[in-house]
Each structure stands twice: as C-alpha cells, then as structure tokens.
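The values are calculated or read from the model by the stated rules, or taken from the named source; none is laboratory data. No experiment lies behind these values; they were computed from the predicted model shown. Neighbour counts are summed over all protein chains in view; Cβ atoms, including those assigned to glycine, are modelled from backbone coordinates with ideal geometry.
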Amino acid sequence: MAVLRSDHRRARAAGVLALACIASFVTACGSSGSAPAGASPQVSGGAKALPQVIDCSFDKAAVRPQNLILACADLGAEVDKITWKSWAADKAEGDGTERLNTCTPNCAAGHYATKPVHVVLSDPIQPANLYTKATATDASGKSLSVPLYKG
C-alpha cells in the first residue's frame, strides 16, 4: 500500500509540473510584450505592431536586422551592417554594404564584390505583417530587387 501511495504522489507531482509548464508556455506565447531581439514591437501611439522581415525561410522574423540575405538559394547576395533610417508600416529604409557574388568565371568559383547600398523593404502583407520585397540600390542607381516572403 505504501508503494501505491508513493506512485500516486509521483504521478500527481508530474501532472502538476506538466500543467505548470503548459501554463507558462501559453502565457509566454500569448504575451503581447514578447518581440524578437532588437525589435520595437509598437508604432508610436501603440496602435499597431511594426512589420517584420524574414530574409530566408530558415530565419526568424525581425525588426531592423543588421544583415539581410537576398539570395537564399546560394547566399550569393546579402546586405551587411545595415543602419536603418526608418521603419514604418509601409516601408523601411536603411544603408548597408552589399556583398554580391560576381559569378565569374562561374558562381561556384566567383568572388564577392562589396559596395555601399541603400536598402528599401516594402510591400507588407497582412495578416502576417511582413515586408515581402527588398531593393538594394547602389550609388550609380543600379538596383537589385528580390521577393522576401511568399507566405
């Protein structure tokens, strides 16, 4: 009989522990204050969350990331060290350094060229609240536009 009580107590303690874990998980997931690192979750006035960006399907959504991968298939184009000038409901703008594979003589053996670019994120979709297009423009006006999120 003592063995049955001990087993019953262990099962009950495990059940209470499981419920506590589930409750804390649900609370954390439902928290409106949680946001990705570096994120600023609310527009001034607190009315609506700012759009986020996902640069590749294996990355997490973020607000004002320092780097964006623009060519997910081969990582042949990215913008690093981005300084964001604005981040609003319709678009975000910043400046960074583009790192682009020259693909000369071919993409596998290509070298990377770097240059300063202006980055614009645009075309946010709802209800995901994600920017879906990135455009990087260099000083000569040459642009690279890529889709970001296909939902």
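Based on what the data block shows, is A128 modelled with pLDDT under 95 and loosely packed, with under 13 Cβ neighbours inside 10 Å?
No.
Is there any pair with a first residue in the range 95-119 that is outside any strand (DSSP E or B) and a second that is among the aliphatic types (A, V, I, L, M) whose Cβ atoms are under 7 Å apart and which are 6 or more apart or on different chains, and what are they?
T102/A113
Being part of a loop (DSSP other than H, G, I, E, B), under 11 Å from V53 (Cα atoms) and not charged (D, E, K, R), is that true of even one residue in the range 131-139?
Yes, some residue in the range 131-139 is part of a loop (DSSP other than H, G, I, E, B), under 11 Å from V53 (Cα atoms) and not charged (D, E, K, R).
Being more than 19 Å from P147 (Cβ to Cβ) and surrounded by fewer than 16 Cβ atoms within 10 Å (Cβ to Cβ) is the filter here; which residues of the range 69-87 pass it?
The answer is D80, K81, T83, K85, S86.
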